[in-house]
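Quick notes on the structure that follows.
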Amino acid sequence: MLKRLTSDDSLLLWLIALPGILHFVVFKYVPMLGNVIAFQDYSIFSGIADSPWVGFRHFASMFTYAEFYHILINTLLISLYSILFGFPAPLVLALLLNEIRRIWFKRSVQTLLYLPHFLSWVIVGSLFINLLTIDGFLNTISGWFGLPAKDYLTQPEYFRSILVSIGIWKEMGWGMIIYLAALSGINPNLYEAAMVDGAGRFRQMWSITLPSLLPAIVVLFLLRVGHVLDSNVEQVLILLNPLVRDVGEVIDTYVYRVGLLGAQFSLTTAIGIFKSLVGLLLVVGLNTLSRKTTGESIY
């Protein structure tokens, strides 16, 4: 029998939730007040109170700046590649790992796959820089077969593929855990009934596993699309170099270079607001579309 919560129980629950609430208020909501500098000609010496108001001038400058469109295209291409190839990767891994019947082997593989998530981008970036440079391990192996050496990280035609591939390798094991948790909640009686009807492993996966995972897939996809203009700034900054800046410069690295190093705080804040609005519109639009087509949504 369910117990009705008393006032003391409710107070205790609020106290438990208080640290999380304070975290969001202090570190998420209060900093949003600083977005007002996007409408000012902000100076760190004058502060927000004394900086002159300029309205939407910085937004107009952003859209009339030719380099911004080039950087926007780079950001969209890298994000679309990451979604196209990176979003299905954890799902495929979870489905394959779910077919392993030896528990010790399954746990060992699972640990090895999500271990890279806990490595910092400094370590991962340094590892791949050493692998892909002109005198790195990959070129050493290629030299054994008489192939010419290439400095892959300075070749524009390779950079985006390398960037996306490294990101997938690092994070797909962590995303796999979410799908494995969803797989563990599927009623095993469904599989037993399918086996009685003569369904093979592939048919069980197609008719039972994937439909059962649809809510998790939809939620994760919508959350991923909401960050389509976000990039892993640590990863890009570590791997980016002047020779590939034309194809590797993204909005976040541009904000770092122009906003922090160039002290154009108002312009880069306007760019941040633009990114947030685009993400919000995509999430709301795709969430509505998903609710009408699949019946699944995040709200």
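The values are calculated or read from the model by the stated rules, or taken from the named source; none is laboratory data. Note that the structure is a prediction, hence the values are computed from the model and not measured. Note that each Cβ is placed from the backbone with ideal geometry, even for glycine, and that neighbours are counted across all protein chains shown. Just the protein is used for accessible areas: all its heavy atoms, side chains included, with ligands, DNA and RNA removed. Shrake-Rupley method; radii C 1.70, N 1.55, O 1.52, S 1.80 Å.
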Answer from 298, 208 - the residue that is modelled with pLDDT of 85 or more and either of a type outside the set (Asp, Glu) or open to solvent by less than 40 Å² (accessible area, probe 1.4 Å) (or both):
208
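Listed here are the residues, each with its yes/no results for (1) out of contact with any strand residue (DSSP E or B) (no Cβ under 7 Å at 6 or more places or on another chain); (2) open to solvent by 60 Å² or more (accessible area, probe 1.4 Å).
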{"position": "217", "(1), (2)": "yes, no"}
{"position": "227", "(1), (2)": "yes, yes"}
{"position": "266", "(1), (2)": "no, no"}
{"position": "281", "(1), (2)": "yes, yes"}
Within the range 24-58, restricting attention to residues that are of a type in the set (Gly, Ala, Ser) and surrounded by 12 or more Cβ atoms within 10 Å (Cβ to Cβ), which residue is nearest to residue 263 (Cα to Cα)?
43
Criterion violated by residue 197 - all others in (1) under 24 Å from residue 80 (Cβ atoms); (2) surrounded by fewer than 17 Cβ atoms within 10 Å (Cβ to Cβ) satisfied:
(1)
So which pairs qualify, if the first residue must be in the range 153-179 and touching a residue at least 24 places away in the same chain (Cβ under 8 Å) and surrounded by fewer than 18 Cβ atoms within 10 Å (Cβ to Cβ), the second must be outside any helix (DSSP H, G or I) and not polar (S, T, N, Q), the Cβ gap must be under 9 Å, and the two must be at least 6 apart or on different chains?
154/134
Matching residues in the range 78-129 - criterion: being part of a loop (DSSP other than H, G, I, E, B) and over 29 Å from residue 183 (Cβ atoms):
120
Which pairs do you get when a residue that is surrounded by 12 or more Cβ atoms within 10 Å (Cβ to Cβ), found in the range 104-124, comes within reach of a residue that is modelled with pLDDT under 90 and not in a helix (DSSP H, G or I), reach meaning Cβ atoms under 6 angstrom, with the pair 6+ apart or on two chains?
106/100
